[in-house]
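Novice: Questions regarding the structure given below will be posed in turn.
The values are calculated or read from the model by the stated rules, or taken from the named source; none is laboratory data. It should be emphasised that the depicted structure is a prediction, and the values quoted were computed from it without experimental measurement. Note that each Cβ is placed from the backbone with ideal geometry, even for glycine, and that neighbours are counted across all protein chains shown.
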Amino acid sequence: MSSRGLAIALFISMALNLFAVGAVVGGFVIAQRMHSVQPGRPGAQQQPLWAAADGLPAEHRQAYRALLRGQALGVAQQVRDARMARRRAWEGLTAEPFDPAGTAKNLADARNLEMQARGGVEEKIVQFAATLPQAERAELADGLARSAPGARLLRRVRGGGPDGPPQP
């Protein structure tokens, strides 16, 4: 083989090795990122109600989360029914003749079902909080307040950062 052929073969080999190393490193980085967003792992993005118990001791945190899991199973049908009512309402927009009253009723039904489901979950959280010592109840209340819809926006409007009010 001539020196030019060896140089080309060496260049191709080096390019393939570089590509292989890049693929392995890229795969490792992607795997690390996917691993860090799994529920229950450090750095994971959690649902607001779930994350509200992060400051509780382990046994109370586990009990709270078991309560949420149980409630999720209990309200699943209500949530499905609400989605179906909302879907019927949006489909009603295309119907001829258009029935605004029927569409509005379907949307009202969806809202009512969602509020019933949410109310049931909130009642269970209050019942759970009644079993906690005052300090832990305050910690849970703080976590729930941080997770409330619009809480981040409200803190920013009032001059705080994303995690709370400005420090003195």
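Novice: Given 40, 70, 102, which one is assigned by TED's automatic domain parsing to the domain that holds residue 136, modelled with pLDDT under 90 and within 30 Å of residue 147 (Cα to Cα)?
Specialist: Within the list 40, 70, 102, the selection yields 70.
Novice: Any residue at all in the stretch 119-135 that's acidic (Asp, Glu), in contact with a helix residue (DSSP H, G or I) (Cβ under 7 Å, 6 or more places away or on another chain) and assigned by TED's automatic domain parsing to the domain that holds residue 79? Before the answer, list the steps.
Specialist: Looking only at the stretch 119-135, we keep the residues that are acidic (Asp, Glu), and these are 122-123.
Filter once more, keeping what is in contact with a helix residue (DSSP H, G or I) (Cβ under 7 Å, 6 or more places away or on another chain): none.
So far as the stretch 119-135 goes, no, none of its residues is acidic (Asp, Glu), in contact with a helix residue (DSSP H, G or I) (Cβ under 7 Å, 6 or more places away or on another chain) and assigned by TED's automatic domain parsing to the domain that holds residue 79.
Novice: With respect to residue 117, is the statement that it is closer than 30 Å to residue 53 by Cα and either surrounded by 11 or more Cβ atoms within 10 Å (Cβ to Cβ) or modelled with pLDDT under 90 (or both) true? Walk me through it before giving the result.
Specialist: Details: closer than 30 Å to residue 53 by Cα: yes; either surrounded by 11 or more Cβ atoms within 10 Å (Cβ to Cβ) or modelled with pLDDT under 90 (or both): yes.
So residue 117 fits the description; yes.
Novice: Read through the list (1) free of Cβ contacts under 8 Å to residues at least 12 places away in the same chain; (2) more than 24 Å from residue 109 (Cα to Cα); (3) not in a helix (DSSP H, G or I), then give the number of the only condition that residue 54 fails.
Specialist: If we test residue 54 against (1) free of Cβ contacts under 8 Å to residues at least 12 places away in the same chain; (2) more than 24 Å from residue 109 (Cα to Cα); (3) not in a helix (DSSP H, G or I), just (1) comes out false.
Novice: Could you pull out the residue among 104, 82 that is in contact with a helix residue (DSSP H, G or I) (Cβ under 7 Å, 6 or more places away or on another chain), surrounded by 11 or more Cβ atoms within 10 Å (Cβ to Cβ) and not aromatic (Phe, Trp, Tyr)?
Specialist: 82
Novice: Hey, another quick one. With the checklist (1) part of a loop (DSSP other than H, G, I, E, B); (2) small (Gly, Ala, Ser); (3) at pLDDT 75 or above in hand, flag the one item residue 7 doesn't pass.
Specialist: Just one mismatch for residue 7, condition (1).
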